[in-house]
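The values are calculated or read from the model by the stated rules, or taken from the named source; none is laboratory data. It should be emphasised that the depicted structure is a prediction, and the values quoted were computed from it without experimental measurement. Every residue, glycine among them, receives a Cβ derived from its backbone with ideal geometry; neighbour counts consider all protein chains shown. Heavy atoms of the whole protein, side chains included, go into the accessibility calculation; ligands, DNA and RNA do not. Shrake-Rupley method; radii C 1.70, N 1.55, O 1.52, S 1.80 Å.
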Amino acid sequence: VDFTAGGRHKAVKHIRFDTDSEAKGFVELFNILKAGQAERDEKRKLAAMSSLNIKDENAPLKLLIEIASAWDLAKADAVGGSDPYVKVTMNGKEVHKTKHISGTLEPVWTIKNGSLFLLHTTAAELFECYDGIKFEVKDYDTVGSSESLGN
């Protein structure tokens, strides 16, 4: 039986069953669980919207986000430091990037290097975001690709 797991990850799974009746039973149970999860997700979304006094899930929403600091970062450069910056993504799309801070393992971002930003979205986009808002600290390199230091 092949089926799409659906939901947030859109993964395709392949499962083998000894009999058709086992396969049908599994698919029925999977569909029941999937429907229950969708209902729970919807209830959670409506409760959050209500607590934030959001009436329309498609209305523009602005979130002010501040990136403050990081500590105990890995040494990514040959000279023993790192040049960290933060890349912020939502649904795989970059929504913000701070400037890098040279030669430190304990960076503190300020307004001058991009610590504050406004995220323009809607409640629907925010609640249906499969990955959440991801903050990844990376090491800035002038040559080659930037190495991830964590998220």
From the coordinates shown, percent of Cα pairs over 28 Å apart corresponds to which of [x] 24; [y] 33; [z] 45: [z]
Solvent-accessible ranking of W109, W71, largest area first, probe 1.4 Å: W71, W109
In nm, spacing of pseudo-spin labels at R40 and K112 (7 Å Cα→C-beta vector): 4.8 nm
The chain - percent of accessible surface contributed by carbon and sulfur, probe 1.4 Å: 53 percent
Chain lengthening between A48 and T122 when straightened (0.36 nm per residue, less Cα-Cα): 25.3 nm
Within the chain: Cβ-based charge dipole about Cα centre, in debye rounded to nearest 20 (Lys, Arg +1; Asp, Glu -1): 360 debye
Which listed pairs, of K62/K93; K93/K138; K45/K99; K62/K99; K62/K97, have C-alpha distances above 25 Å, in listed order: K45/K99
